[in-house]
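Notes for the one structure printed next.
Readers should treat all values here as calculations from the given coordinates under stated rules, not as data from a laboratory. Since the structure is predicted, the reported quantities are computational estimates derived from the model, not experimental observations. With ideal geometry, Cβ positions are generated from the backbone for all residues, glycine too; neighbour counts draw on all protein chains shown.
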C-alpha cells in the first residue's frame, strides 16, 4: 500500500475528530462549568435578590459577571491546555503521532481545536443567557467577541507555554494571576500586553463602569473593539503557529522530554 | 533500506549510541536488535524511526534522512516500548485517526482499520476504551496502528514485554508472516530467547556500541578467543584419539558414549571433522554444538567488552 502525506487541513481535521470524544469526559464538563458558572451565579444572585425584595440592577449583575469571567477564562485555559498536545508529551504517546507522515506543526492546533470549540460554545451560551437580565443588546456582540477572542488567545498561549516549559501550567498561572492584575500599577502602555485590556475594550465595561479611583497609577488606554478582537485572534494564531513550529523543529524521543525547555 | 554511517546519538553529555555503521538490505526479513537494558537499543530505534536526528553521522532509510521526513515516515511503522495509549479514547476511532494521519481516507481507510484489527485479532473489541483493555490487548492495538498503512519497514521496541505466552506465540507467528510477505522487521529485546525464536540475524548492542552484526553462527565464528564446545557422540575413545591430533583442540572432556571438545577456529575444524566422518575415519553418530547459540554469543561478546 502506498500512502501520501496528509495535508495540514486533513491533519487538523483528523486530530480534531479523533480527540473530540475527550471533551465529553470529566475535564470537558469542568471546562463547561467554568464557562457557564459565572452566568449561573450572576443570574441566581440577581434572582434571589429580587425575590427578597432587595435592589439589584442588571448593570451591577453584569459588572459582577465581567469580573468573574475575566478570572474564569484563564482557569478555562489552565484546565483545557494540559489536555492538548502537552498531554501526549506527558503520556509519551506523542511518538505515535510523530512517526506519521502528517505535518507535526499542525498537531497542536488539531488537538486544541475541539477544546476551543467546546469552550467557545459554552461561553456563547452563557453570554446569551445573560441577556435574560436585560443587558444592552448593542453590547452583546462585543461581549461575545471578548470572551471567544480571549479564550482563543489564552488557550493558544497555554498550549505554547506547555510545550516550551516543563511547568507550563505554573508559568501560565503566574502570567494570568500575577502579571495581568499587577500591570495596572505599571506604565499605561503595558496594559496592551494583557488580555484584560482587550476583553475590556471589546466588552465595554472599561469605558462604562470603571472609575478613575479603581485605577492605581495609570491612565486609561483604549483600543478600538474591532482592532482588539483582531489582535486577540492574531495573537492566538501566532501562538498556535509557534507551538507548531516548536514541535516540528524539536526532536521528541520516546521519553518525551526533549521538546521541553 | 537501512543505512547508518557513523551515526551517533547524545542526550546532552550522555552518549546514547556510539558512532555506528551498518546496513540492512531491501526485502522482507526479521532482524533482532539485542542487548541488555541501557545498551542503546531504543536510541538506535529512535534514530531509525525518525523521532530523533543523529547527533553525528548519517541515518538513511529508503535513501533519505528520516527525521520529520513524510516520504520516509509513510513507509515505516513503529511500535514503541510500553503499553501507553491516549486516555479517554476507543481503539476504533483512534485507529481511524492514525490512518488519516498516515494519508489514508475514504474506503481505503475503513478497509485498513478493519484489516489491521483483524490481523491483531481485535475486531470484536475495537469498541472498548483503552482503559478497559488488558496489557496484551493494548499491545495488539499498538501493533495495529503500525501496520494499518502497510509499512515496508516495521520497528518494534521490546514488543513481548507484558504479553502472556499465548500472545507471544501469536505475535511471533504474525511477525513471521509479515516478514514472509516482504516487510523488513526490526525487533529489539533484551531477552535472548525471544529473539532466538524469531530470527538468527541479529545486531548486538552493548553500552551504546554495536558489538556485532550477522547470524549467530557468523558472529560466533568471529569469537576465536572463545572455543566452540561440541559434543561428539559415538565411540568416545576413538573420537578422543582423533581429536587430540587436531591443532584447533583447546580442551577435551570424556563423557559416557560421547566426548566434549573445545575447539578454536571452527571454520577450519568443521570441514576436517566432516571429511573424517564421511571417509569413515571416525565413528561419529551425532554432533551437537553446545554453545553455538544466542545465549553463548551474547555472554561472550558482552564479557569481552565489559
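Under the rule a/c < 1.5 gives rounded, and otherwise a/b versus b/c splits prolate from oblate, where does the stretch A:8-249 land using the Cα gyration tensor? Prolate is the answer for the stretch A:8-249, as a/c is 1.5 or above and a/b outweighs b/c. I want to verify the translational diffusion coefficient of the protein assembly as shown in µm²/s; compute it with Stokes-Einstein, Rh as the Kirkwood radius over Cα pairs, at 20 °C and 1.002 mPa s. It comes out at roughly 77 µm²/s.
As a length-normalised measure over Cα pairs under 8 Å and 6 or more apart, the relative contact order of the stretch B:150-282 settles at 17 percent. Remark: spin-label model distance residue A:233-residue B:131 equals 3.7 nm, labels positioned 7 Å along the Cα→Cβ axis. Among A:66, A:224, A:197, the largest mean-square fluctuation in a Gaussian network model of chain A, built with springs joining Cα atoms closer than 10 Å, belongs to A:224. Peptide A:177-190 is shielded by partner chain Cβ atoms: per residue, an average of 0 of them sit within 10 Å of its Cβ. Annotation: the residues B:303, B:41, A:246, sorted from fewest to most other C-beta atoms within 10 Å of their own C-beta, follow the order B:303, A:246, B:41.
Put in order of Cβ neighbour count within 10 Å, fewest first, the listed residues A:124, A:148 become A:124, A:148.
For the options B:145, B:197, B:285, a Gaussian network treatment of chain B with springs between C-alpha atoms closer than 10 Å singles out B:285 as fluctuating the most. Computed from the C-beta positions of residue A:138 and residue A:36 and an R0 of 30 Å, the FRET efficiency is 0.80 to the nearest 0.05. Label sites at residue A:29 and residue A:164, each approximated as a point 7 angstrom past Cα along Cα to Cβ, lie 3.5 nm apart. Per residue of B:61-74, other chain Cβ atoms within 10 Å of the residue Cβ number 3 on average. Secondary-structure-derived ellipticity at 222 nm for chain B, considering helices only, amounts to -11000 deg cm²/dmol, per-run term -39500 (n - 2.57) for DSSP H runs with n ≥ 4. Averaging Cα coordinates gives a centre for the stretch B:63-129 and one for the stretch B:258-290; these two points are 52 Å apart. Beta bridges assigned by DSSP with both partners in the protein assembly as shown are antiparallel in approximately 65 percent of cases.
Counting only DSSP beta bridges with both residues in chain B, the antiparallel share comes to about 65 percent.
From its DSSP helices (H runs of at least four residues, each -39,500 (n - 2.57)), chain A gives a residue-normalised ellipticity at 222 nm of -21000 deg cm²/dmol. Here each label is just a point 7 Å from Cα along the line to Cβ, and for residue B:174 and residue A:71 those points are 5.2 nm apart. Taking other C-beta atoms within 10 angstrom as a stand-in for reagent exposure, A:159, B:215, B:31, B:302 fall in the order B:215, B:302, B:31, A:159, fewest first.
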